[in-house]
Amino acid sequence: MTAEKRKIGITDTSLRDAHQSLLATRMRLSEMLPVLELMDQIGYHSLEVWGGATFDACMRYLDEDPWHRLRQFRKYLKNTRLQMLLRGQNLVGYRHYPDDVLAEFIKKAVANGIDIIRIFDALNDLRNMEKAIYCTKEEGAHAQGTISYTISPFHDLDYFIRVSRDLKDLGADSICIKDMAGLISPFDAFELVGKLKEQVGLPVQLHCHYTSGMASMAYLKAAEAGVDVIDTANAALAMGASQPATDSMVAAFKGTKYDTGLDLELLTKVSAHFQEISCGYDIPREVMGVDTNVLSYQIPGGMISNLASQLADQKATHLFKDVLAEVPRVRADLGYPPLVTPSSQIVGSQAVANVLTGERYKMVSTEVKNYLRGQYGKPPGEINQDLLTRVLKDEKPITGRPADMLKPQLAEARQEVEEYIEQDEDILSYIIFPNVAIDFFKRRKGLLPPLQLNSSCSRGKAVNRVAGLPNEQNNLMLDSLFSVDETLIWRDEINIVYPAG
């Protein structure tokens, strides 16, 4: 008897997360356009094309309008659903934005071509996702509720099932397991996916990074448990800190009851295109291969390399093991947040500070203080009460929804940036990244010189080399360490801007 067929859907991340993970989000639209019509023929469940760090990087480093990029994707990808990553109330930025800004952003994202919005929060705080889910549904798009996967005394199977049920109650159309650090084991993936299918009853998508080397095995076991969609990247931009290879997973499922139905020959052509493009980039060695430290310390690979870089700048590489050991302790003190932007940077910077000063919490970063105030949301577990008292003293953390403290911003922002507006979307770009957007608008009007981008590798030179970020800017001094982690972030007025996540 032939087993019942159950096609596995493929979301390819090549146009967003893959090059964010391996190429510091530096791939240009001009490098993507030639292959889009070919990708449109393949029959993916969806293509992840927007959100995450791409919005920031377009304006900051590539002199591109992210909204124009999205419209171009929609123009050439006529038959494929387009997907984006949204950081809940943080949108595509790194702090909470008011509800009027969130609603307008989602409205414009859908109007410009987005079909599926994957909505997550670093703390799995539903209050930071509920408005985004509601607005996505209002605009007629698919709202994918997301659980940020991690391991802790509080993050067990029941926890993830409970959060997923709550996401369903908020109106989520599907559930994504977002394993940003590559922590999920194959058998845990099997159990979690199976329970979600059985007890929540929504389609389930699994998103894994290859950091620990287990992602492909996790996908196979997830398929056995009933997963509906998996995230992959073309072979040239796969593995390491990225996702498993689309080509490999399609080949693995071919001829089985999970057969994706995708054409390997067409996929090979897509990978060949990106292989040619990627030859012009410096892919840091740290983001390739397998990093099993993520399993010992639950620290994503990119975070490991940045901790090492900080210590090298302080001539304290001999303290590396101490910092790795301190990260889980800081995470425990902060109530076990998943290590994803921005919580991973908050925890990592404080761990380095604790080790370098030789005294835990002798100096506390601004971000940790705001975290303890509740401005990032509610942590999964209890915060260390001694730390809370030591830092906040008599100040009480907020208990309500953080975004309720924010006043509407759209009308005021329109006036502030009126002279530069060429499209309504410019107001949103300005609100989320004020300095970056203003500089981009000035370059667009010819008021500032254009960015000097490197030549194409087709001329024998590298395209947009990424070696200068962040290591060439690693002039970290001890005083600044306690305010911000400068190997991971840039200042944008009062905003903290992280390059990844």
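The values are calculated or read from the model by the stated rules, or taken from the named source; none is laboratory data. Nothing here was measured: the structure is a model prediction, and the numbers come from that model. Here the Cβ positions follow ideal geometry from the backbone for every residue, glycine too, while neighbour counts run over all protein chains shown.
Numbers at a glance
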item	result
Which listed residue, of 87, 118, is surrounded by 17 or more Cβ atoms within 10 Å (Cβ to Cβ), touching a strand residue (DSSP E or B) at 6+ places or on another chain (Cβ under 7 Å) and either within 27 Å of residue 442 (Cβ to Cβ) or among the basic types (Lys, Arg) (or both)	118
Exclusive hit being touching a residue at least 12 places away in the same chain (Cβ under 8 Å), touching a Cys at 6+ places or on another chain (Cβ under 8 Å) and among the aromatic types (Phe, Trp, Tyr), set 219, 210	219
Residue list for the range 382-424, restricted to those being in contact (Cβ under 8 Å) with a residue 40 or more places away in the chain, acidic (Asp, Glu) and not assigned by TED's automatic domain parsing to the domain that holds residue 341	424
Residues being touching a Leu at 6+ places or on another chain (Cβ under 6 Å) and modelled with pLDDT under 95 - total across the range 123-163	1
Residue within the range 368-378 that is among the hydrophobic types (A, V, I, L, M, F, W, C) and touching a Gly at 6+ places or on another chain (Cβ under 6 Å) present	no
Some residue of the range 162-175 being surrounded by fewer than 22 Cβ atoms within 10 Å (Cβ to Cβ) and at positive phi	yes
Count of residues meeting criterion [surrounded by fewer than 20 Cβ atoms within 10 Å (Cβ to Cβ) and of a type outside the set (Val, Ile, Thr)] in the range 133-161	13
Any hit, the range 258-281, residues being under 15 Å from residue 182 (Cα atoms) and among the basic types (Lys, Arg)	no
Matching residues, the range 187-205, being buried (at least 17 other Cβ atoms within 10 Å of the Cβ) and either at pLDDT below 95 or in a helix (DSSP H, G or I) (or both)	188, 189, 190, 192, 193, 194, 195, 196, 197
Residues that are charged (D, E, K, R), assigned to a loop (DSSP other than H, G, I, E, B) and either in contact with a helix residue (DSSP H, G or I) (Cβ under 6 Å, 6 or more places away or on another chain) or on the phi > 0 side of the Ramachandran plot (or both), drawn from the range 82-129	121
Filter result (part of a helix (DSSP H, G or I) and either crowded, with 22+ Cβ neighbours inside 10 Å or at pLDDT 95 or above (or both)) within the range 58-72	58, 59, 60, 66, 67, 68, 69, 70, 71, 72
Among (1) farther than 30 Å from residue 258 by Cα; (2) without any contact (Cβ under 8 Å) to a residue 60 or more places away in the chain; (3) touching a strand residue (DSSP E or B) at 6+ places or on another chain (Cβ under 8 Å) - the single one residue 93 does not satisfy	(2)
Failed item, numbered, when residue 221 is tested on (1) part of a loop (DSSP other than H, G, I, E, B); (2) surrounded by fewer than 24 Cβ atoms within 10 Å (Cβ to Cβ)	(1)
Leading residue by the ranking (farthest from residue 213 (Cα to Cα)) among those in the range 150-181 that are part of a loop (DSSP other than H, G, I, E, B) and under 13 Å from the mean Cα position of the chain (by Cα)	180
Verdict on residue 392 being of a type in the set (A, V, I, L, M), within 29 Å of residue 405 (Cβ to Cβ) and surrounded by fewer than 21 Cβ atoms within 10 Å (Cβ to Cβ)	yes
Condition check for residue 283: at pLDDT below 80 and in the same structural domain as residue 357 (by TED's automatic domain parsing)	no
Any pair with Cβ under 9 angstrom, 6 or more apart, that starts in the range 352-381 at a residue that is closer than 19 Å to residue 328 by Cβ and free of Cβ contacts under 8 Å to residues at least 40 places away in the same chain and ends at one that is among the basic types (Lys, Arg) and assigned to a loop (DSSP other than H, G, I, E, B)	354/360; 354/362
Tally, over the range 93-122, of residues that are at pLDDT 95 or above and either aliphatic (A, V, I, L, M) or touching a Ser or Thr at 6+ places or on another chain (Cβ under 9 Å) (or both)	15
Total residues in the range 40-55, condition assigned to a helix (DSSP H, G or I) and either out of contact with any Ser or Thr (no Cβ under 9 Å at 6 or more places or on another chain) or crowded, with 24+ Cβ neighbours inside 10 Å (or both)	2
